[in-house]
Amino acid sequence: MTQSVVVQIGQCGNQIGCRFWDLALREHAHVNKEGLYDEALSSFFRNVDSRKSDGGGCAVGESIQHLKARAVLVDMEEGVVNEILQGALREVFDSAQLLTDVSGSGNNWAVGHMTYGSTYREQIVEKLRKAAEHCDCLQCFFIIHSMGGGTGSGLGTRVLSLLEEEFPEVSRIVTAVYPSADDDVITSPYNSVLAMRELTEHADCVLPVENQSLVDIVNRIKRMAHGEKPGSVIKKNSTIISNKGGLSGAEKPFDAMNNIVANLLLNITSSARFEGSLNMDLNEIAINMVPFPRLHYLVSSLTPLYMLADVNVPNRRLDQMFSDAFSKDHQLIRADPKHSLYLACALMVRGDVQLSDLRRNIERLRPSLPFVSWNKEGWKTGLCSVPPVGHSHSLLALANNTCVKPTFMELKERFTKLYRKKAHLHHYLHVNGMEQSCFSDALGSLDALIEEYQHLDATKDRFIPDAIRLSIAS
Amino acid sequence: MSIVTVQLGQCGNQVGHELFEAISRDALQDHRKLFSTASRERFFNQTARGDLVARAVLVDMEPKVIKQSISKANSSGRWRYGETSHFFQNQGSGNNWANGYCILGPRHRDVVEDLVRREVEQCDRLSGFVAVMSVAGGTGSGVGTYLTQCLRDAFPKSFILNHLTWPYGTGEVIVQNYNSVLTLAHLHQLSDAILVHENDTLHKICAQLLNNKHISFTDVNRVIAQQLASILQPALTPNSYGAYSRNPLGELVSSLACHSEYKLLSMSTIPQMPSSSIAYSTFSWPGLLKHLRQMLISNTKMEEGIDWQVRPSAASGRSRSLPGRTFNVSLANLLVLRGKEVYSAETGSFEDPTLYTSWLPPEDAFHLWKTEVPINKYEKSATLVSNSQALLRPLDNMVAKAWNMFASRAYIHQYVKFGISEENFLDSFTSLEQIISSYSQLGSSVEAPS
C-alpha cells in the first residue's frame, strides 16, 4: 500500500485541507468497524502511540491509538491554523507539521514565492522530509492552494518546485482554486498568472477549481433544498455539503464550498485507499490523462452533487449519474466539456456499480462526446467498492479537455488589463529576486499553453485521416 | 510432467486464480483416478499432509490482488498457493509498460527468478511455463514481458506459453494500445506460443451465452479459466499412446506453432451455457462439431450468431466467399474433445485441406486430443485452439490506433522518461506490421515466408 502527503498552503489551502481531513476520518470511521489501523487508513494517516518514547508510528494491523494526518500545513499568517489548533481536528496534527508566520503575504505572489520561499526554504524541506520519512512507500503529494492570494499562489508554487527537487520520483497533484472575476483581491490576476507558469512547469497534474463554480453549485443545492423542485429533497447527512457527522461543530461560510473540493480529493484517492475490482492507482492518472507534458490540467466533475430523492428506478438513476458527470452544472470550473474537445477522460466510480454498468454508460455517452482524432477511445476507468458515506455510489470524472482554455484566456485578459497600465507592478518589483521578466515569461508561458489547446481544439469536427501505416516489403 | 504458472499483474493474478479454481473443481472431485492423478501432477504439488499447493508464482507490483487471490484460495478448502511463492511491491507500474519493463522488472528479477526456480525444483519433470498476463496495464505487460525474457534465458529448454488478455476496445487504460504493441512485439521473439483472449468477446459470451446480468471481471475471468482448463487438463494425444499426455505444453506448441512467424493462438469452446440450462440440453458430437467448424471458418467466437454463409470453396481459389464475408484461413488447429462417447466423434471435417494454407498438409495442420472424462459439467464438450487469421483484425485495429497516437507523439514522453525511445516504438511497430502481413497472406501465399 502506498501513502500520500497533503501539503496545504495559505488560507484557502488550509481550509480545504481541514474539510478533507474531517471527511476522510469520517469515511474511514464508517468503513473501519474494528478499530484496527488498516492499510486504507495508513495511506493518509499515521497511527502514533504516545506511550512509546520515540513517538514512532504503529504498524498496520495494530489497534488505533492516535491518528495523525500525513500533512504539512503552511500559512504566512496565524488565523486559520490557530483556528484548526483550537478546533476538533487539533489532535490530528502536531506542531512539527505546522509552519506559520504572522505578517501574511499581502496578496503578493512575489512575497510568498521569493521572500518567504527563501526564508522558510530549509524549514519547509525539513517538514516535508519528516512527513516522507514516516511513509514506507510515498506515492504522491497533494498540494492545495489558491491562485489569487499571495501565500497560496506564491509560496504554494515554491513548495511545488521544492518537491520536484527533493522528491523527483513522487508525483505532484495540485488542487488549485482560481479566483472569481469579481474577486476582491485586485492583484489576483498577477498572482494567478505567475502561479500558472509554475504549475505548468512543475506539476504532474493540476485539478483546477473555480470559486465561481463552487458558489454556483452551492446556490443550486440550496435552491433545491428549499424545495423549488417538487419532490426533490437533499439527502440528509450527505457529505457533499453538510458537516453533520464530522468533527467540527458549527458550519462556517465557506464550508459548503470547501467540502466539494474535499470530496474531489476523497474520490480521487479512494481507489488508492480501498479495494475494488479495477484499481486505479494515483500513478495511473498522469500516464493516462497527460498526452503532452504541459497539458496536465484536468477538469473534474462530481456526481451525485445534488442528492435528489427522486422516484426513478435505481438503474435510471445510475445512468443519470453518468450523464450528469458530463453536464455543465457539475463541473468544478465554469466550462462545457461536451462542446469542447476531449484529449482523455477518466471515470472513477465508487460503490455498487458493476463493470457492465460502466461499459454500458461509456458506450451510451461516447457518441455525443468529441474526442481528439488520435484518442477516440481515450477512456480510463476505476472501480472502487467502497462508496462515500451516505451514498450507494458516486462518480468522479476527470477530463483533459480543451474547455479549460476559456478560463485561461479570461485570466490572461484580466492580467493584461492590469499589466498594460503597469498597475501595482512596483509592489512586486520591490521584492528581492523579482524582475519584470518574471511577468513577461509568465505571460508567455500562459500564451503558449492557450496556443497548444487552441491548436488541438482546431482539429475538432475536422476529418483527420489515419496516419499512413508502415509498409512491409513482401 | 508439470506446468508452472506465473501470474503477472492484476489481471494475471485474477485469471490465474480462476484457472486453479476451475481445475481443482473439475479434476480433483472426479473419481477417475488416472485422470485426476495426471491433473494433480500437472498443476499441484502435494504436501506430506496431503494439501494441494498450486504450482504457481504470483507476481504483482501492488499487494491487493495477490492477497485477495491467496485468501480466496485458502478458503476454497481444496487447494492453496505456496506460502512463500508470491512477490509484490507497494506501488503499481502505473499502466506504463516502460516502467515495468525497464525499471521494475530488472529491479526485482533476482527475487522472482528465485521463486520460479524453487517452484521448478518441486516438479519431478517440468513441461514448461504458462505466463498469465494482460497486455493493457503496466505490470502484466511490462514486467511480464521482462520476466518472460528472464525465463527464456534461465530455462532455455522449457516451453513458454504466454496467455494474454486483450483489453476492451475502450475504457480500461488509455495507453493500452501502446502497451499492447510493445508487449506483442517483444513476446513474439521470446514466447513459443501466444494464446489470446479478448475481453470484448468474453463479455459477449457472458452476456449472451451465460446470461450473466451484471457482468464483473470475475465472470469474464471464469470464461477464460474454463477455456484454458479444457485445453490444459490431461487428454490423450496421438503421441501419448493411450496414456495421458506427459508433455502438454510441448505437444500444444508443436501442433500449433510450427512456424516462427506465426505464434498467435485463439480459441473457442462449445457448449457454453448457464449451468441451470445444462440439464435441459442434449449434446451430440456431430452437432457440436458442425457448429465448432463453422465458428472456425467464419471466425465467430460464440455459438450464437454464426455466419453459415461462409464456406470453403472446393476449387483452388481458396478464400472465395460472398463479398464482405471472409473465410478464416488456418495454419494449424488443435481440437480437444472431452466427454461421453468421444471415440465415436467424427472429426474428418477439420482435416479438410481447404481450411488450411497450401504449404502445410492437413495431417500436419490438424491435431486431435481426447478423453472420456467430461469437463465443467458438460456431458460433451469441444474446444478448438487455432493458429489462424482470427486475430488479424483485432491486431490490425490495435496497431492502427497505436500508430495514430504515435503519429501525434502523444504520451511518448511518459515512456521516454523510463527509457523507451521513439526508435524502440518504431521497431515494435515494424515487427507487428510484419506479423500482420504474414497472417494476411496465409490465404494466398503458396509458400511459407522464409
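Among (1) part of a loop (DSSP other than H, G, I, E, B); (2) at the interface with chain A (Cβ under 10 Å from one of its Cβ atoms); (3) within 25 Å of residue B:20 (Cα to Cα), where does residue B:173 come up short?
Among (1) part of a loop (DSSP other than H, G, I, E, B); (2) at the interface with chain A (Cβ under 10 Å from one of its Cβ atoms); (3) within 25 Å of residue B:20 (Cα to Cα), residue B:173 violates only (3).
What residue, among those in the range B:145-170 that are touching a Ser or Thr at 6+ places or on another chain (Cβ under 6 Å) and farther than 14 Å from residue B:101 by Cα, is nearest to the other protein chains (Cβ to nearest Cβ)?
B:165
Restricting the search to the range A:133-179, which residues are surrounded by fewer than 24 Cβ atoms within 10 Å (Cβ to Cβ), of a type in the set (Gly, Ala, Ser) and away from chain B (no Cβ under 14 Å)?
Across the range A:133-179, the qualifying residue is only A:161.
Among residues belonging to the range A:352-387 that are buried (at least 19 other Cβ atoms within 10 Å of the Cβ) and within 22 Å of the chain's Cα centre (by Cα), point out the one that is farthest from the other protein chains (Cβ to nearest Cβ).
So, considering only residues that are buried (at least 19 other Cβ atoms within 10 Å of the Cβ) and within 22 Å of the chain's Cα centre (by Cα), the one farthest from the other protein chains (Cβ to nearest Cβ) is A:387.
Criterion first (surrounded by fewer than 19 Cβ atoms within 10 Å (Cβ to Cβ) and closer than 26 Å to residue B:246 by Cβ) does residue B:49 satisfy it?
Here the answer is no, as residue B:49 does not meet what is asked.
Is the range A:67-80 home to any residue that is over 24 Å from the mean Cα position of the chain (by Cα) and not basic (Lys, Arg)?
No; the residues of the range A:67-80 include none that is over 24 Å from the mean Cα position of the chain (by Cα) and not basic (Lys, Arg).
Only one of (1) away from every other protein chain (no Cβ under 13 Å); (2) in contact (Cβ under 8 Å) with a residue 60 or more places away in the chain; (3) crowded, with 19+ Cβ neighbours inside 10 Å is not met by residue B:425, so which one is it?
Result: residue B:425 passes all but (1).
For residue B:134, indicate whether it is away from every other protein chain (no Cβ under 14 Å), surrounded by 18 or more Cβ atoms within 10 Å (Cβ to Cβ) and either over 22 Å from residue A:138 (Cα atoms) or not basic (Lys, Arg) (or both).
Values: away from every other protein chain (no Cβ under 14 Å): no; surrounded by 18 or more Cβ atoms within 10 Å (Cβ to Cβ): yes; either over 22 Å from residue A:138 (Cα atoms) or not basic (Lys, Arg) (or both): yes.
So residue B:134 does not fit the description; no.
Have a look at B:97, B:79 and point out the one that is touching a residue at least 24 places away in the same chain (Cβ under 8 Å) and more than 12 Å from chain A (Cβ to nearest Cβ).
Step by step, each of B:97, B:79 is checked, and only B:79 is touching a residue at least 24 places away in the same chain (Cβ under 8 Å) and more than 12 Å from chain A (Cβ to nearest Cβ).
State the number of residues belonging to the range A:260-289 that are within 7 Å of chain B (Cβ to nearest Cβ) and more than 21 Å from residue B:97 (Cβ to Cβ).
Counting residues in the range A:260-289 that are within 7 Å of chain B (Cβ to nearest Cβ) and more than 21 Å from residue B:97 (Cβ to Cβ) gives 2.
Looking at (1) crowded, with 20+ Cβ neighbours inside 10 Å; (2) more than 30 Å from residue B:247 (Cβ to Cβ); (3) within 12 Å of chain A (Cβ to nearest Cβ), which is the only condition residue B:202 fails?
All conditions are met except number (2).
Quick one: what pairs do we get from the range B:337-365, first residue not assigned by the TED database to the domain that holds residue B:289, second crowded, with 20+ Cβ neighbours inside 10 Å, C-beta under 8 Å, 6+ apart or different chains?
Pairs found: none.
Conditions first: (1) in contact with an Asp or Glu (Cβ under 7 Å, 6 or more places away or on another chain); (2) surrounded by fewer than 20 Cβ atoms within 10 Å (Cβ to Cβ); (3) assigned to a helix (DSSP H, G or I). Residue A:470 passes all but one, so which condition is the exception?
(3)
So is residue B:228 within 30 Å of residue B:402 (Cβ to Cβ), modelled with pLDDT of 95 or more and within 14 Å of chain A (Cβ to nearest Cβ) or not?
When the stated conditions are applied, residue B:228 does not pass them.
Of everything in the range B:57-76 that's in contact (Cβ under 8 Å) with a residue 24 or more places away in the chain and touching a strand residue (DSSP E or B) at 6+ places or on another chain (Cβ under 6 Å), which residue is farthest from the other protein chains (Cβ to nearest Cβ)?
Looking at residues that are in contact (Cβ under 8 Å) with a residue 24 or more places away in the chain and touching a strand residue (DSSP E or B) at 6+ places or on another chain (Cβ under 6 Å), I get B:57.
Please find, among A:53, A:105, A:63, the residue that is at pLDDT below 95 and crowded, with 22+ Cβ neighbours inside 10 Å.
A:105
Out of B:245, B:276, I need the residue that is of a type in the set (Ser, Thr, Tyr) and in the same structural domain as residue B:41 (by the TED database). Which one?
Being of a type in the set (Ser, Thr, Tyr) and in the same structural domain as residue B:41 (by the TED database) holds for just one of B:245, B:276, which is B:245.
Does residue A:102 satisfy the condition of being within 20 Å of residue A:153 (Cα to Cα), within 23 Å of the chain's Cα centre (by Cα) and not in a helix (DSSP H, G or I)?
no
Being in contact with a Phe, Trp or Tyr (Cβ under 7 Å, 6 or more places away or on another chain) and not in a loop (DSSP other than H, G, I, E, B) is the filter; apply it to the range A:142-170 and report the residue that is nearest to residue A:261 (Cα to Cα).
Ranking the candidates gives A:153 first.
Looking at A:456, A:446, which is the one that is within 14 Å of another protein chain (Cβ to nearest Cβ), part of a helix (DSSP H, G or I), crowded, with 20+ Cβ neighbours inside 10 Å and hydrophobic (A, V, I, L, M, F, W, C)?
A:456
Go through the range B:194-211 residue by residue and tally those that are outside any helix (DSSP H, G or I) and polar (S, T, N, Q).
Of the residues in that region, 1 qualify.
Only one of B:409, B:393 is outside any strand (DSSP E or B) and at positive phi. Can you tell me which?
So the residue among B:409, B:393 that is outside any strand (DSSP E or B) and at positive phi is B:409.
Just to check your reading of the model, which residue among A:339, A:330 is away from chain B (no Cβ under 14 Å) and closer than 22 Å to residue A:388 by Cβ?
The match here is A:330.
The values are calculated or read from the model by the stated rules, or taken from the named source; none is laboratory data. This one's a predicted model, so the numbers in the text were calculated from it and none came from an experiment. Glycine also receives a Cβ, built like all others from the backbone with ideal geometry; neighbour counts cover every protein chain displayed.
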